[in-house]
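A short write-up of the structure that comes next.
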Amino acid sequence: MGDIPRKRHTMYKKEDGTLYREQVMGTKGFSGIQSILYHHYPPTSIVKSELLKDCSVHYEGQADLAHRHFYSHQYTEKTDAVMGRHYLLGNEDVLIGVVNPTEPMDFFYRNGDGDEVLFVHYGTGKVETMFGTLTYKPGDYIVIPIGTIYRVVPSEGDAKFLVIETNSWISTPKRYRNAHGQLLEHSPFCERDFHGPETLETHDDQNEYEVRTKSRGFMHAHTFNHHPLDVVGWDGYLFPYIFNVDDFEPITGRIHMPPPIHQTFEGNNFVICSFVPRMYDYHPEAIPAPYFHSNVNSDEVLYYVKGNFMSRKGISEGSMTLHPSGIPHGPHPGKIEASIGKKETLELAVMIDTFRPLRVVKQAQNYEDVEYKYSWK
Ligand SMILES: [Fe+2]
């Protein structure tokens, strides 16, 4: 996007003869994906650096091993997209929460630890980033790479994001890519379904701007002496993008297909899956509802977006369930019989499976359905 010099790492001059500042932004040292950006000003030039606050979450003490259910819609505080994030579950690899981003951010932000995924449950607006601007709508997964400076500018109206913060990198599953990185024909999505920044707006004013950086459990504030979105051009493979869940083409079969068919993204030690409206299994004697299953080395989180979730009772929009490894889970009483002969489901849910145990953040207890663990009686 924008303008870049013909050859990397060569002089790229402004009209007045001074140089644009080149930044190589990559992951995994210099062996992951990367982009090269050209700034008006050095991305390092700050006039003030402060420790802003402790962001560590407080987990509950050891509880009994049981299935949990939280009504995340009961968290109603309206804030900007960053400072009001309300975390419910987490471990060493991922932090899961919600936020109701109705207010604009009066600062810029970057996550210095890993990529972020913001799933838009509802609300519209735009995300202004150093790579350009993305516009979002319900059902969007907004994927923002580590270190990307951005701010969320919501449109008017109610808004809610499911927030997934990582300390690794988000990608689509490797098994859907050929040796060249192109998405294969059996993939539930293709390149056309992924949308990078639409416009690149370059700001070159030299006022003071605050950029908050989340790093190692703390929020830091850096005051820049220039606008942080001062990029005139960039190229490369690292950039924020949007994938809308309605573009996920479900994989269906004659008999029940296992959860990996829903996989959309992966990070280190976790996956993100999309349960979308789809035709049910078509074997004449098929049982469309899932069988009871033990999670093998994974904790399963489901965030219910909309539709009548086929295998559960007592679940509402915004519900978040946690089915920990070590004990089996499955459909609620009556749901197996009810699914037989049905042609389709309209459910929409996001699942996060983590390969290391999750812990419940203490404040999640405020929204807990404490009877859930007995709901299979
Ligand atoms: Fe499951």
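Values in this text are rule-based calculations from the coordinates and carry no lab data. The model shown is predicted, which means the values in this text are computed figures rather than measured ones. Cβ: placed from backbone, ideal geometry, glycine included. Neighbour counts: every protein chain shown.
Key figures for this structure:
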quantity	calculated
Fewest-first sequence of Trp234, Trp169 by Cβ atoms within 10 Å of each Cβ	Trp169, Trp234
Among Met1, Val94, His220 the positive-end extreme of the charge dipole of the chain (Cβ point charges)	Val94
Segment 137-191-segment 15-76 distance, computed between alpha-carbon centres (Å)	15
Under the Karplus curve 6.51 cos²θ - 1.76 cosθ + 1.60, θ = phi - 60°, whole-Hz ³J(HN,Hα) for segment 120-133, x wherever Gly or Pro sits	7, 6, 8, x, 9, x, 9, 10, 8, 10, 5, 8, x, 9
Cβ-Cβ FRET estimate between Lys48 and Asp16, R0 fixed at 35 Å, reported to 0.05	0.80
Electrostatic dipole magnitude of segment 37-124 [Cβ: Lys, Arg +1; Asp, Glu -1; Cα centre; debye, to 20]	220
Long-range amide H partners of Thr79 with built H, under 5 Å	Asn100, Thr102, Glu103
Ala66/Val24 FRET efficiency (R0 41 Å; Cβ-Cβ; nearest 0.05)	0.30
Net dipole in debye of segment 132-264 [+1 Lys, Arg Cβ; -1 Asp, Glu Cβ; about Cα centre; nearest 20]	820
Karplus (6.51, -1.76, 1.60) ³J(HN,Hα), θ = phi - 60°, over segment 48-60, in Hz, Gly and Pro reported as x	7, 10, 9, 8, 8, 6, 7, 9, 5, 8, 10, 7, 5
Net charge dipole size for the chain [Lys, Arg +1 and Asp, Glu -1 on Cβ; Debye, nearest 20]	800
Furthest towards positive pole of dipole, Pro154, Trp169, Ile336, structure part the chain, Cβ charges	Ile336
Length added when fully stretched, His256-Tyr282, from 0.36 nm per residue minus Cα-Cα	8.4 nm
Leading residue at positive end of dipole, the chain (Cβ point charges), from Ile251, Tyr303, Met25	Ile251
